[in-house]
Every structure is written in C-alpha cells, then in structure tokens.
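Note sheet for the following structure.
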Amino acid sequence: MHTQLIQELNTVLKPSQILSGDQLQHRFHHIWKMDEPLEAVAVVIPTTTQEVSSILKICNEVQQRVSIHGGLTNLVGGTETLKEELVISLEKLNKIEELDASSRTMTVQSGVILEQIQKQAKENDLFFPLNFGAKGSAQIGGIISTNAGGLRVLRYGMTRNLVLGIEAVLMDGTIISSMKKIIKDNSGYDLKQLFIGSEGTIGVVTKAILKLQELPSSRVSAMVSINEYQNVVLLLKLMDAGFAGSLSGFELMWKSYYNVGTSAPSLMKPPLPQDSRYYVLVESLARDQSKDILILEQLLETALERGLIEDAVIASTEADLQWFWQIREDVHAITSQMNYDQHFDISLPIPLIGKTIDQIVAELKLLNGVEQVVTFGHVADGNIHLIIGKNESSQELTNSINEVIYRPLKTIGGSVSAEHGIGVHKKAYLHLCRSDEEINIMKTIKRSLDPNNLLNRGRIFDL
C-alpha cells in the first residue's frame, strides 16, 4: 500500500516534497528529541492549501493514517508519530501574506513562526500579544490547534481570542475557508472555533487571520518577593485595579523555581534575595513610560505598607527587563539540571492554588525517584506549571507522578490542561475535567469530520 501511496502523492507533489527511507534520518518528532530519527511511512511538505487538500484526499481514499507536524514544541505527545503514519509537515507554509494596518490584522500561513509574527507587527507599529518561551520555534498553526496561552492571557486572552479567521482542510480534502477580518459575525455557528484547540484531530489549519493591537509605547515591570500565598492574590487585585486595565503580566515563581533559575550553572543572577517563598513578576503595557513608572512605584509602596510584599525591584532599563523575564522564561535553565524531566500545566481556582500546590509538592517528594519539584505559572489565570526532576524515566514513576498531580483536580473544579492540550500523554485523565457527555460530543464531532479516524489518531481520546 505504501508504494501505491507514494506513487499517488507524486502526482500532486514534486519529488523534493516527499521524504522517505534514509531521508528521515534527519527528521524528528520533537525539538527535544533530535537524536531520535523519525519513524514514518514518509514526510510530505506541502506549500499550498490545495496541496494539503490533495494529500489528505489521497490518504482518505487509501485509509492512510496521518500525523501533522508544526514547530514540534508540543509537550503532551501531540507530534509523536508511529511508523505506519504519514507525516504532513507544514514548515513550508511559512508566508505572511498580508498585514492590514487599517483593520489591524495579519494574514498568515500556518507554518509561520510566532516570533516572526511579533516582529512583523512591531515593524508596522502594531502588536501581537501572544508570547511564551517557545516563540522562536512554535508555528502559528500548532499554536491555534492547541489554543496556546502564554504570558499575557490575563489581558489579551488565549489564542482563540486573537484569531478572526481560519482556513482548514478536512480529512476528505474539503477546504473550509472563513477568512474574514471582521470582529463581529453572529451568522450561525462559529465553525472556526471547532479547529482552535482541537489538536489537529478534525482538520489541518493552513491559514489564519490574526487580530493585532496598537503597539504599546510603555512597558514597566517589577520583581517582588512574598511569603504568604494569600498576599499573592491580594497583590494581584491591587495591581489590576491600580493599572486600570493595563496590567498584562502577573507571573508567579515559587522559591524552588526562582532559586534554581538564579543559581549556577544558570547564568542569571537573582535580582532579589533567594529567601522568600514566592516571587512575582508584574508587567504593564501602556503608553506613558514616566507616568506608568510612577504608578508602579506607588502601587509597590502601598503593597509594602500593607505588608503584602517583602521586597521589590523595578526594571529601570531594557537590560533589566530582559534579565527579569529571562529568569521566568528560561525553562531550559531548569531542565538542564535534571536527569529526566516531566512537565505539567494544570488549571486551578486562584484562591486554592497555594494550598493545593503545597499538598501536591509534599506528596511528590515522598515518591521514590523524584529528585526535584519546581513550580511556577500564570497565577492571574489559574495556570500553574510543574516540572518534576527524576532519576529514571519508567512508565510506573510517570504514572505515579500523574496520579499525585491530577487526582485533586476533579474535586476542586480544575483542569489537567491549561494551555498545552491533551495530546497522547493526558488522554487517560481527560475524564477528570470533562464529563462523559462532553467527551461523547467531542467524539461525535470527530466521527462526523473524520469518520475513518485517520487524522492525528489517538490524540485527546481513543475511538
């Protein structure tokens, strides 16, 4: 069958767009797994939506399973590939087709890197607010397919809040195009939302229209230290009220994260002493730097007077800004000090974060094989990350850690995935945050749009 498949693909693609056999030795399924050659039937590299459509139509007709590859930064096994699957890599769908300053939109193909979108917007005095550590590798198609979050969800929302239009291809080759620049469109079902966050299981996103903002002319930031979690919540309320809508970041680091990230071999130095329980990075994006600095100073003085914070330091230069935020964003500085690492992105009700994380960390440290637990996250939207350092990578230890972290979430109304998706690794725990009725509706949608279960099979749930 594979020979027939390759022959048919050759009728719609150039030979250079089809890689197989030894050509796969330099391909991989994740940027952290570059030493593991990709196993797949072949990799095809389309350059147009029509080519994606032709590929999927052929695969549907011959019952060929398909795996979609983007920037390969997914943390839940979303791009793990089996040897009997055909990979569609969207790396050459990498053009920014239009920037419309009047409507404040950008039309992009799905393989465009997030950092390129940010730079293109800035060069036109506009701003695309989505931001996270993998911005230099993550492609917008994968970002949309996982509804990624990041550092500024507090003010600008998740990816779905920043997408106005989408073009996607169904498994049978049908092209669904809703490429509108308008913000309001209440004409029936908003079908583009089906593809946002569906992890490539019902269609392949090939283009999108993104919503841009006016470029902020002021960015102020500070690092503060705190010893009680309840004061973290009170500081959030104080800052959000004081900045009156311009608070764009409120990032929480536990002592475990901050101390590792600011100690050798990390190159980052600590801007504040390493003896507090919590560290918060505050950011405001607005328009008057001198005025905004004064507001920040006044808010920090109030926080000190009320006993909410132990200490604070304001980023007074661009170098300070880069320094402070590099501590928060450089996850590699943490994982490079671990033998094996396991990552989590859970959602919790904000008032319960302190107590719940304390309980989880205490239980994790009792597990044989766990060497280190570091915690951090976007506390303003309830998204907490944990990285577990282990001395071995057995499935038994992985499952034990999963149970400790996921078990409390159903009772408190949390989620096993805040922004990374479900992928392959979390589908056994989906029932903890979605009801049977919700899961059955998801499966109904999947069967309707991909009745042969060929597209990104095994992600989110099994059929």
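We did not get these values from a lab; they are worked out from the coordinates using the rules stated. All figures in this text were calculated on a predicted structure; none of them were measured in a lab. Note: ideal-geometry Cβ built from the backbone for every residue, glycine included; neighbour counts use all protein chains shown.
Return, ordered by residue number, the residues of segment 187-205 whose backbone nitrogen is under 11 Å from a label point located 7 Å along Cα→Cβ of D172.
Answer for segment 187-205: none.
Tell me, what HN-Hα J-couplings in whole Hz come from the Karplus equation 6.51 cos²θ - 1.76 cosθ + 1.60 at θ = phi - 60° for each residue of segment 243-248, using x for Gly and Pro?
Values, residue by residue: 8, 6, x, 9, 5, 10 Hz.
Quote the Stokes-Einstein diffusion coefficient, in whole µm² s⁻¹, for segment 218-332, based on the Kirkwood radius over alpha carbon pairs, a temperature of 25 °C and a viscosity of 0.890 mPa s.
Values: Rh = 14.1 Å.
Reported coefficient: 174 µm²/s.
By how many degrees, 0 to 90 and rounded to 10, does the Cα axis of helix 289-305 deviate from the longest principal axis of the chain?
60 degrees
Mind jotting down a quarter of the surface of the convex hull over the alpha carbons of the chain, in square nanometres, one decimal? Before the final figure, lay out each step's value.
Working: hull surface 89.4 nm².
Computing the convex hull of the Cα atoms and averaging its projections yields 22.3 nm².
Quick check: convex hull of the Cα atoms in segment 53-143, volume per residue, rounded to a whole Å³?
Values: hull volume 9.6 nm³, N = 91.
Residue-normalised Cα hull volume stands at 106 Å³.
Could you compute the FRET efficiency for D190 and Q63, with r as their C-beta to C-beta distance and R0 at 22 Å, rounded to 0.05?
On the way: r = 31 Å, r/R0 = 1.43.
Rounded to the nearest 0.05, the efficiency is 0.10.
Name the residues whose placed amide hydrogens come within less than 5 Å of the amide hydrogen of L212, ignoring near sequence neighbours (fewer than 5 apart) on the same chain.
Under 5 Å from the amide H of L212 lie the amide H atoms of T105, M106, each far enough along the sequence or on another chain.
Under the rule a/c < 1.5 gives rounded, and otherwise a/b versus b/c splits prolate from oblate, where does segment 338-447 land using the Cα gyration tensor? Can you show the working numbers first?
On the way: a/c = 2.06, a/b = 1.38, b/c = 1.49.
Because a/c hits 1.5 or more and a/b fails to exceed b/c, segment 338-447 counts as oblate.
When only DSSP loop residues count, what GluC sites (Glu not before Pro) in segment 1-106 have their Cβ near at most 15 other Cβ atoms within 10 Å? Numbers along the way, then the final one.
Working: sites: E8, E39, E51, E61, E80, E84, E85, E91, E97, E98; in loops: E39, E80, E84, E85, E91.
Answer by residue number: E39, E84.
What percent antiparallel are the DSSP beta bridges of segment 1-141, to the nearest 5? Walk me through the numbers before you get to the answer.
On the way: 7 of 14 bridges.
Once the DSSP bridges in segment 1-141 are tallied, antiparallel ones form about 50 percent.
Tell me, what ³J(HN,Hα) does each residue in segment 272-283 have, in order and in whole Hz, if you take phi through Karplus 6.51 cos²θ - 1.76 cosθ + 1.60 with θ = phi - 60° and put x for Gly and Pro?
10, x, 8, 10, 9, 7, 9, 9, 10, 9, 10, 9
Count the net charge of all other residues whose Cβ sits under 12 Å from the Cβ of I45, scoring Lys and Arg as +1 and Asp and Glu as -1. Intermediate results must be reported in sequence, preceding the final value.
Details: positive: K14, R27, K92; negative: E51, E91.
Result for the local shell: +1.
So what J values fall out for segment 121-131 if you push phi through Karplus, 6.51 cos²θ - 1.76 cosθ + 1.60 with θ = phi - 60°, rounded to Hz, Gly and Pro as x?
Result, ordered by residue: 5, 4, 5, 10, 6, 10, 8, 9, x, 4, 7 Hz.
Could I have the simple spin-label model distance between E39 and D100, label points 7 Å from Cα toward Cβ, reported in nm to one decimal?
Using points 7 Å along Cα→Cβ, the separation is 4.7 nm.
Give me the angle, in degrees from 0 to 90, between the Cα long axis of helix 395-406 and the longest principal axis of the Cα atoms of the chain, rounded to the nearest 10.
Tilt of helix 395-406: around 60 degrees.
If you average the alpha carbon positions of segment 24-76 and of segment 308-370, how far apart do those two centres end up, in angstrom?
Distance between centres, Cα-based: 33 Å.
If I fit a long axis through the Cα atoms of helix 436-449 and take the longest principal axis of the Cα atoms of the chain, what angle between them do I get, 0 to 90°, rounded to 10?
40 degrees
Using 18 Å as the Cα-Cα cut-off, could you pick out the over-long pairs in K211/K237; K365/K427; K122/K211; K180/K211; K83/K446?
Values: K211/K237 28 Å; K365/K427 25 Å; K122/K211 13 Å; K180/K211 11 Å; K83/K446 23 Å.
Among K211/K237; K365/K427; K122/K211; K180/K211; K83/K446, the Cα-Cα distance tops 18 Å for K211/K237; K365/K427; K83/K446.
What's the local net charge at Q25, with K and R +1, D and E -1, over the other residues with C-beta under 13 Å away?
Numbers: positive: R27; negative: D22, D35, E36, E39.
Once all neighbours under 13 Å are counted, the net charge is -3.
Over segment 1-45, with a single point scatterer placed on each C-alpha, what log10 of the ratio I(q)/I(0) does the Debye formula yield at q = 0.16, 0.30 1/Å?
Here the Debye-derived log intensity ratios amount to -0.45, -1.06.
Give a quick list of trypsin sites (Lys or Arg not before Pro) in segment 35-144 that DSSP marks as loop, anything other than H, G, I, E or B, with at most 16 other Cβ atoms within 10 Å. Kindly include the intermediate steps, with their values, before the conclusion.
On the way: sites: K57, R65, K83, K92, K95, R104, K119, K122, K135; in loops: R65, K83, K92, K95, R104, K135.
Sparse-neighbourhood loop trypsin sites (Lys or Arg not before Pro): K83, K92, K95.
What does the charge count around G150 come to, taking other residues whose C-beta lies under 14 Å from its C-beta (Lys +1, Arg +1, Asp -1, Glu -1)? Could the numbers behind the result be given before it?
Values: positive: K135, R152, R155, R160, R328; negative: E115, E251, E283, E329, D345, D381, E419.
Here the count lands on -2.
Amide H of L285: which non-local residues (sequence gap of 5 or more, or other chain) have their own amide H closer than 5 Å, using H built in the peptide plane?
For L285, whose amide H was placed from the backbone, the distant partners under 5 Å are S248.
Where nothing but the Cβ of Lys and Arg (+1) and of Asp and Glu (-1) is charged, how large is the charge dipole of the chain around its Cα centre, in debye to the nearest 20?
Working: 43 positive and 54 negative charges, 166 e Å.
In total the dipole reaches around 800 debye.
Assuming a ≥ b ≥ c are the square roots of the Cα gyration tensor eigenvalues, decide whether segment 2-92 counts as rounded (a/c under 1.5), prolate (otherwise, with a/b larger than b/c) or oblate.
Details: a/c = 1.68, a/b = 1.55, b/c = 1.08.
In terms of gyration-tensor shape, prolate.
Using +1 at the Cβ of each Lys and Arg and -1 at the Cβ of each Asp and Glu in segment 338-447, identify which of L364, S347, A428 lies farthest towards the dipole's positive end.
Final value for the positive-end residue is A428.
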